[in-house]
Amino acid sequence: MLEQQLVNALSLGSVYALFALGFTLIFGVLGVVNLSHGAVFMVGAYAALQVINHFGVPLWAGLLFAFLLCGLLGLAIDFLVLKPLRARNAPHLIPMIATIGVGIAINSAMQGLFGAENLRFPAGTVSEESLTLGGLHLTALELGIVLLSFVLMGALMLALKRTQLGRAMRAIAESPKAAYLLGINVEGLFYLTSFAAAGLGGLAGVLIGLYSNALFPLMGQPMLHKGIAVIILGGLGDVRGAMLGGLFLGLAEVLSIAYVGSDMRDAVAFGFLFLVLLLRPKGLFGSLQERKV
Amino acid sequence: MNLSLFKTSLLAVAATLACSAQAAELKIGVAEALSGGAAQYGAAIRNGFQLAAEQINAAGGINGDKIQLVIEDEQGKKEEAINVFKKLLFQDKVLMVFGPTLSNSAQAADPIAQASKTVVFGTSNTADGITSIGDYVFRNSVTEADVLPETLKMAIRKGNIKKVAVLYGNDDVFTKSGYDNFKKALADLNLPVTTTETFAKGDVDFKAQLTKIKAGNPDAIVLSALIAEGAPIMVQARQLGLNIPFIGGNGMNSVKVFDLAKDKSDGLYVGSPWSIENQTETNRKFVVAYTSKFKMAPDQFAAQAYDALHIATQALKTVKLSGNLAADRTALRDALPAVKWTGATGAFQFRRASDKAGKPAGYDAQQAAIVSVTQSGRFVIQK
């Protein structure tokens with residue numbers, strides 16, 4: 001049973017990490033806890049569902065469409081909501097609260113458009129059969145989510161560390177003003193980050209929607225709450241931290257169900273989280289945060 | 001121009017007055033949620049009443065009198081239900097009232113009918129305590145406390161089940177109360193429970209709980225969940241190689257399970273007072289008539305409303321109306337408990353409920369649940 005639970009923990013942790021990657025990226029560069037990320041995540045799932053249902057396109061095209069549409073949505077949120085607040089030098093709390101409003105508006109709009117009932121991807125979009133390896137059950141989709149979350153983390157880290165673009169982004173994360181004085185196109189990079197992070201959120205929405213088989217307008221909210229915990233645990237704004245935080249939360253949840261009882265799941269998992277934060281108040285990889293201060 | 005319009009409207013008023021004076025009409029109030037969150041239920045209920053009234057009137061009415069439904073929208077809100085009840089009882093002077101749609105509203109509005117000694121008849125209120133309000137309160141809606149033991153018994157008999165695991169949503173009033181009812185029924189049946197696991201609304205992964213359940217090696221999983229979590233639970237259980245039956249509460253009793261769980265939806269037992277698959281003569285006729293009138297398939301709520309008006313009609317047939325409203329309302333109340341009726345939902349009779357002090361109060365439904373199991377995308381009735 002323990003082996004299967006560890007497999008379960010790995011796939012659940014990767015689900016959380018996948019969601020948290022885009023979430024943490026926005027914070028890392030823009031310094032905004034974007035609470036509309038859960039709604040963007042949901043839009044991604046619905047967008048892919050619509051093109052797959054109506055045009056019968058394969059999954060990769062659905063994923064691409066969700067990525068692009070959510071990216072544009074993220075861009076629009078940045079342009080219409082975050083940019084005016086930046087221009088007015090609004091304190092940190094204001095953009096966060098503004099994104100709560102954006103999230104509510106998007107949720108309500110989707111409920112108006114598609115109704116409150118549960119939807120799912122057509123059967124056969126991805127194989128639902130389990131691969132059985134030595135008595136362990138794992139679906140192809142779970143394997144895909146695990147691999148993709150690691151690959152995305154690796155790619156993001158590489159991009160941030162090794163490319164000119166990444167260096168510029170890290171410069172902005174330290175000080176947008178200094179970066180601007182150095183001739184970095186700060187606004188442009190803010191747009192790019194918003195686009196990429198929202199696109200990643202959309203991708204996560206499609207994959208997790210496929211995984212849970214239940215799409216509904218508020219599907220992003222519980223994920224958002226877990227996501228906040230994950231990125232705080234990992235250290236706000238850190239890509240590695242989002243990955244590890246996700247895996248940690250997944251492991252804590254699964255093991256507390258296995259050995260303490262499912263009634264105590266959140267108590268144990270979040271108790272652990274609290275302990276970690278007591279020992280490392282800035283999270284597992286809280287360096288970015290440190291530099292900001 | 002204005003004058004002629006005025007004349008026409010005067011004529012119309014006169015015509016209406018003349019009309020209502022001619023035919024003796026039995027005014028029956030219908031207070032349902034026709035707008036707001038519960039509107040999908042309220043609309044089905046209204047349709048059921050309209051279909052029944054149309055058929056009864058077409059067949060000659062009740063001892064020559066026609067039924068006139070006075071339909072009001074109580075919006076699924078307590079305050080509005082109270083307002084609508086007052087209007088129906090004191091202004092429209094109806095013989096009796098059907099409704100309201102939600103148990104919450106019934107708790108608030110039924111005492112008004114009780115105080116004015118008028119029958120209030122719920123067709124969709126399943127919460128405990130509604131019929132303990134008083135002896136003018138009736139319902140033909142079957143509660144989960146009655147349905148779940150029957151679902152369990154049928155599943156145990158058909159599936160040769162010796163021990164079960166329990167899984168339920170512990171952060172939702174409805175799924176929690178379903179769990180409480182299951183727990184009591186399991187204790188009454190002396191069925192061993194290997195483990196009891198919980199989940200929360202919005203969870204996407206249930207494999208940890210299911211892996212634990214699998215380790216206990218039960219013969220079935222008792223599941224109190226809403227469909228949003230229930231369907232993924234069924235899919236993930238099958239993915240873990242857990243191919244045992246599920247025994248579901250009311251939340252799982254929906255054709256949505258086939259949409260959401262697709263080929264992993266087999267082997268789910270659910271109980272319900274009504275099933276569209278039930279091929280009795282009365283039910284078949286009801287389904288056909290409803291579908292042709294409203295261009296959609298009926299649901300459980302429509303069927304229960306349809307039957308409720310027939311039940312009231314049986315009582316009214318035995319009452320000799322005096323024209324004195326208070327006396328007629330009481331006479332109807334006294335005639336109702338004896339009614340036995342076989343309608344779309346099957347054989348029905350009333351069962352006396354008691355109030356909090358244990359004294360006799362209103363009347364609940366006494367009706368066998370129909371237990372079905374899912375098989376290749378449809379509910380198959382078990383006998």
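Residue-by-condition table, conditions (1) more than 10 Å from every other protein chain (Cβ to nearest Cβ); (2) closer than 27 Å to B:Arg238 by Cα:
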position	(1), (2)
A:Phe195	yes, no
A:Ile228	yes, no
A:Ile231	yes, no
A:Leu247	yes, yes
A:Gly250	no, yes
A:Asp263	no, yes
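Within the stretch B:177-203, the residues that satisfy the criterion of being surrounded by fewer than 17 Cβ atoms within 10 Å (Cβ to Cβ), charged (D, E, K, R) and either in contact with a Pro (Cβ under 9 Å, 6 or more places away or on another chain) or not assigned by TED's automatic domain parsing to the domain that holds B:Gly248 (or both) are B:Lys184, B:Asp188, B:Lys201.
Only residues that are under 11 Å from the mean Cα position of the chain (by Cα), of a type outside the set (Val, Ile, Thr) and closer than 13 Å to A:Val239 by Cα were counted across the stretch A:17-35, and they come to 8. Residues of the stretch B:370-383 that are part of a strand (DSSP E or B) and over 22 Å from the mean Cα position of the chain (by Cα): B:Gln375 alone.
When B:Phe206 is tested against (1) closer than 15 Å to A:Ala258 by Cβ; (2) away from chain A (no Cβ under 11 Å); (3) crowded, with 24+ Cβ neighbours inside 10 Å; (4) not aliphatic (A, V, I, L, M), only condition (2) is not met.
Inside the stretch B:145-173, residues that are within 15 Å of B:Tyr269 (Cα to Cα) and free of Cβ contacts under 8 Å to residues at least 24 places away in the same chain make up a count of 1. Consider the stretch A:248-286. How many of its residues are under 21 Å from B:Tyr168 (Cα atoms) and not in a helix (DSSP H, G or I)? Number of matching residues: 2. Among the residues of the stretch A:181-199 satisfying the criterion of being in a helix (DSSP H, G or I) and of a type in the set (Gly, Ala, Ser), which is surrounded by the most Cβ atoms within 10 Å (Cβ to Cβ)? Filtering the stretch A:181-199 for residues that are in a helix (DSSP H, G or I) and of a type in the set (Gly, Ala, Ser), the one surrounded by the most Cβ atoms within 10 Å (Cβ to Cβ) comes out as A:Ala198.
Restricting attention to the stretch A:258-293, which residues are more than 24 Å from the chain's Cα centre (by Cα) and at pLDDT 85 or above?
Passing the criteria: A:Ala258, A:Tyr259, A:Val260, A:Gly261, A:Ser262, A:Asp263, A:Met264, A:Leu278, A:Leu279.
Right, B:Gly251: touching a residue at least 40 places away in the same chain (Cβ under 8 Å), assigned by TED's automatic domain parsing to the domain that holds B:Glu150 and either charged (D, E, K, R) or over 19 Å from A:Ser262 (Cα atoms) (or both) or not? Yes; evaluated as a whole, the condition is true for this residue. Of the helices (runs of 4 or more DSSP H) that lie entirely inside the stretch A:1-97, those containing 2 or more residues that are away from chain B (no Cβ under 14 Å), within 19 Å of A:Met243 (Cβ to Cβ) and in contact with a helix residue (DSSP H, G or I) (Cβ under 7 Å, 6 or more places away or on another chain) span A:2-30.
Conditions (1) among the charged types (D, E, K, R); (2) under 23 Å from the mean Cα position of the chain (by Cα); (3) buried (at least 17 other Cβ atoms within 10 Å of the Cβ), marked per residue:
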residue: B:Glu72; (1), (2), (3): yes, yes, yes
residue: B:Gln75; (1), (2), (3): no, yes, yes
residue: B:Ala81; (1), (2), (3): no, yes, yes
residue: B:Gln91; (1), (2), (3): no, no, no
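Applying the condition of being crowded, with 24+ Cβ neighbours inside 10 Å and out of contact with any helix residue (DSSP H, G or I) (no Cβ under 6 Å at 6 or more places or on another chain) to the stretch B:213-222 and asking which residue is nearest to B:Leu148 (Cα to Cα) yields B:Ile221. Out of the residues in the stretch A:210-242 that are in contact with a Lys or Arg (Cβ under 8 Å, 6 or more places away or on another chain) and in a helix (DSSP H, G or I), state the one that is surrounded by the most Cβ atoms within 10 Å (Cβ to Cβ). Ranking the candidates gives A:Gly234 first. Being more than 8 Å from every other protein chain (Cβ to nearest Cβ), free of Cβ contacts under 8 Å to residues at least 40 places away in the same chain and in contact with a helix residue (DSSP H, G or I) (Cβ under 9 Å, 6 or more places away or on another chain) is the requirement here; does A:Gly283 meet it? The answer is no for A:Gly283. For the stretch B:287-313, enumerate the residues that are over 13 Å from the mean Cα position of the chain (by Cα) and under 17 Å from B:Ser141 (Cβ atoms). Residues satisfying the conditions are B:Leu309, B:His310, B:Ile311, B:Ala312. Within the stretch A:132-149, the only residue that satisfies the criterion of being of a type in the set (A, V, I, L, M, F, W, C) and modelled with pLDDT under 85 is A:Leu133. The residue that is nearest to B:Tyr306 (Cα to Cα), among those in the stretch B:50-67 that are of a type in the set (A, V, I, L, M, F, W, C) and part of a strand (DSSP E or B), is B:Ile67.
Of the residues B:Thr313, B:Thr330, the single one that is in contact (Cβ under 8 Å) with a residue 24 or more places away in the chain and under 20 Å from B:Gly48 (Cα atoms) is B:Thr313. Whether a residue is away from chain B (no Cβ under 12 Å) and either of a type in the set (S, T, N, Q) or more than 27 Å from A:Val29 (Cα to Cα) (or both) was assessed, and A:Gly271 passes this test. In the stretch B:31-48, the residues that are of a type in the set (Phe, Trp, Tyr) reach residues that are not in a loop (DSSP other than H, G, I, E, B) with C-beta atoms within less than 7 angstrom, at least six apart or across chains, in these pairs: B:Tyr41/B:Phe301. Between A:Leu131, A:Leu143, the distinction of being within 22 Å of A:Ser212 (Cβ to Cβ), over 19 Å from the mean Cα position of the chain (by Cα) and not in a loop (DSSP other than H, G, I, E, B) belongs to A:Leu131 only. Residues considered: B:Gln279, B:Gln239. Of these, the only one that is surrounded by fewer than 23 Cβ atoms within 10 Å (Cβ to Cβ) and within 14 Å of chain A (Cβ to nearest Cβ) is B:Gln239. Of the candidates A:Gly166, A:Gly245, the single residue that is part of a helix (DSSP H, G or I) and surrounded by 17 or more Cβ atoms within 10 Å (Cβ to Cβ) is A:Gly245. Please go through the stretch A:49-85 and give me each residue that is surrounded by fewer than 14 Cβ atoms within 10 Å (Cβ to Cβ) and among the aromatic types (Phe, Trp, Tyr), ordered by number. If the condition is that a residue be surrounded by fewer than 14 Cβ atoms within 10 Å (Cβ to Cβ) and among the aromatic types (Phe, Trp, Tyr), then A:Phe55, A:Trp60 are the ones that fit.
Residues in the stretch B:263-292 that are free of Cβ contacts under 8 Å to residues at least 12 places away in the same chain and among the hydroxyl-bearing types (Ser, Thr, Tyr): B:Thr291, B:Ser292.
The values are calculated or read from the model by the stated rules, or taken from the named source; none is laboratory data. All figures in this text were calculated on a predicted structure; none of them were measured in a lab. Note: ideal-geometry Cβ built from the backbone for every residue, glycine included; neighbour counts use all protein chains shown.
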